[in-house]
Structure formats: structure tokens, C-alpha cells
Amino acid sequence: MAEQPLCIGFEYAADDYVEGWRAGEASFKPAKLRLSWGGHATFAIGGVVGGPLIMFANPGDRFAMVLGSGVLGLGIWYMYGLLVQLWRYNFGIRRGFKKLKSLHGHWEMEFTEVGLKIRGPLASSDTSWELFKSFVETANLYVLSYAPGYIIVPKKAFLPAQLVPFRELISKKLVAVDTHHDHRDFFIALAVGVAVLVLLYAILRLVFG
């Protein structure tokens, strides 16, 4: 790569922030905190459906009613939390961007072999690559990870001739994160949910059958 620094100037759009936030949350969080939406939905639906099934399968049984009510209550609470997160994921992030005045305005970034310089509307920084850990590429952005957050770099800010040298630079300095996560956690959550419901039902049948 040439020794000349790569300089860009741009303004963040709401779409940049939404795409960058989603990429950062999905790619840089620890895997154990990244249960898929399918996994979350399995637990929520398992409670909402499993609770009534326990009660209806054992009519008049006080223990079954208490147990079923507890499972149903947990399912409803989990469903509420899931809906809140879905709302935030689809609508709240965009609203949050409007409130982040520090992101609004003109930004300038300069990338070199040593590090990067950032000049924003309210703050500036000059950091080395040693402070960064990894990066993820999306359709429209590069998201660079550092403790405790990440920097969103829109591709639209680069000239066509700058994109390849920039990617070569960050690929040399940082670790690329694969954004194609598998969905094994969904099947694990589904199996656990079904197993718990079957076990509860079997216990009820044995004790009160």
C-alpha cells in the first residue's frame, strides 16, 4: 500500500448508524450473549404455550395450575422483553441517532500505517492501531472495534480508488470478523424448551396420574 494517508470526509446518516449498530452488536458481543432471535422467541413461545398446556392437560390439579401459571407468567415476561428488544432493533436505534447530537455534522478521518486521526463536530482523536482489535464489513460500512466500542466508517466516504487500499490496510492491522453466524443456538434453545416441557408433563403424569 502507498505511504500516503487515506483521507475521507462525510456526514453520518441515520441508515449508517442503524447498520453500524446492528453490525457492532452482532459481531463484537461475546457469543454467549448473542442468542439468536429464534432462540429468544423459542423461550417466549415455550412459556406462553407450555403453561396453558400443562394446566389444560391436568384439569383440577392444583399443582399443575400453579406450575402452569408460573411457566405462563415467565413466558409472558420473556415475550414482553423480546418485543421491547424487537422494537428497539427496528425503530429505537433510528430514534436514538436523532438524539446523538455528537454524531451530527461533518467528520474527517485519516488512515495511515501508524493509526487513524478523527475530527468530529465535538471531539477529535489521534490513535494507533494497537488500540483496535477487529473489524466487520457490511454492505455499506466498515465497523472498527476498540475497547469499549466501535467506529463506523461509511464506504460512501471513499473514492472508488481508495476502497481497496483501505481494506488492505485494515486487513493487515485488524482481525476480520465473520458476520455469517450459524443458527445452532436456535435449535439448542428449541430442544431445551421442548425437553423441559416434556419433562414437566411426564413428572405431572407420574405424580398425579
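The values are calculated or read from the model by the stated rules, or taken from the named source; none is laboratory data. Treat the numbers as computed from the prediction; the structure is a model and nothing was measured. Cβ: placed from backbone, ideal geometry, glycine included. Neighbour counts: every protein chain shown.
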Just to check your reading of the model, which residue among Leu122, Leu141 is closer than 30 Å to Pro154 by Cα, surrounded by 14 or more Cβ atoms within 10 Å (Cβ to Cβ) and not acidic (Asp, Glu)? Leu141
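Yes/no per residue for (1) exposed (fewer than 15 other Cβ atoms within 10 Å of the Cβ); (2) touching a Gly at 6+ places or on another chain (Cβ under 9 Å):
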residue: Val71; (1), (2): no, yes
residue: Gly75; (1), (2): no, yes
residue: Tyr89; (1), (2): yes, no
residue: Val114; (1), (2): yes, no
residue: Thr127; (1), (2): yes, yes
residue: Phe135; (1), (2): no, no
Considering every residue within region 75-88, establish whether at least one is touching a residue at least 60 places away in the same chain (Cβ under 8 Å) and of a type in the set (Lys, Arg). no
Kindly establish whether Arg94 is closer than 16 Å to Asp16 by Cα and surrounded by 13 or more Cβ atoms within 10 Å (Cβ to Cβ). yes
Every listed condition ((1) in contact (Cβ under 8 Å) with a residue 40 or more places away in the chain; (2) part of a loop (DSSP other than H, G, I, E, B); (3) under 19 Å from Tyr12 (Cα atoms); (4) not polar (S, T, N, Q)) holds for Glu113 save (3)
Determine, yes or no, whether Leu67 is more than 29 Å from Pro154 (Cα to Cα) and modelled with pLDDT under 85. yes
Here's a check for you: in region 155-173, which residue that is out of contact with any helix residue (DSSP H, G or I) (no Cβ under 6 Å at 6 or more places or on another chain) and over 26 Å from Gly105 (Cβ atoms) is surrounded by the fewest Cβ atoms within 10 Å (Cβ to Cβ)? Ala161
Set Thr112, Thr127: member being within 14 Å of Lys172 (Cα to Cα) and hydroxyl-bearing (Ser, Thr, Tyr): Thr112
Quickly run through region 1-31 and pick out the residues that are closer than 16 Å to Asp178 by Cα and at pLDDT below 80. Glu25, Ala26, Ser27, Phe28, Lys29, Pro30, Ala31
Which is touching a helix residue (DSSP H, G or I) at 6+ places or on another chain (Cβ under 6 Å) and either part of a helix (DSSP H, G or I) or modelled with pLDDT under 90 (or both), of Ile152, Ile93, Ile188? Ile93
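Residue-wise test of (1) at pLDDT 85 or above; (2) farther than 19 Å from Gly20 by Cβ.
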{"position": "His40", "(1), (2)": "no, yes"}
{"position": "Phe56", "(1), (2)": "no, yes"}
{"position": "Glu113", "(1), (2)": "yes, yes"}
{"position": "Leu116", "(1), (2)": "yes, no"}
{"position": "Phe135", "(1), (2)": "yes, no"}
Test of understanding: among Gly92, Gly96, Gly105, which residue is out of contact with any His (no Cβ under 7 Å at 6 or more places or on another chain) and at positive phi? Gly105
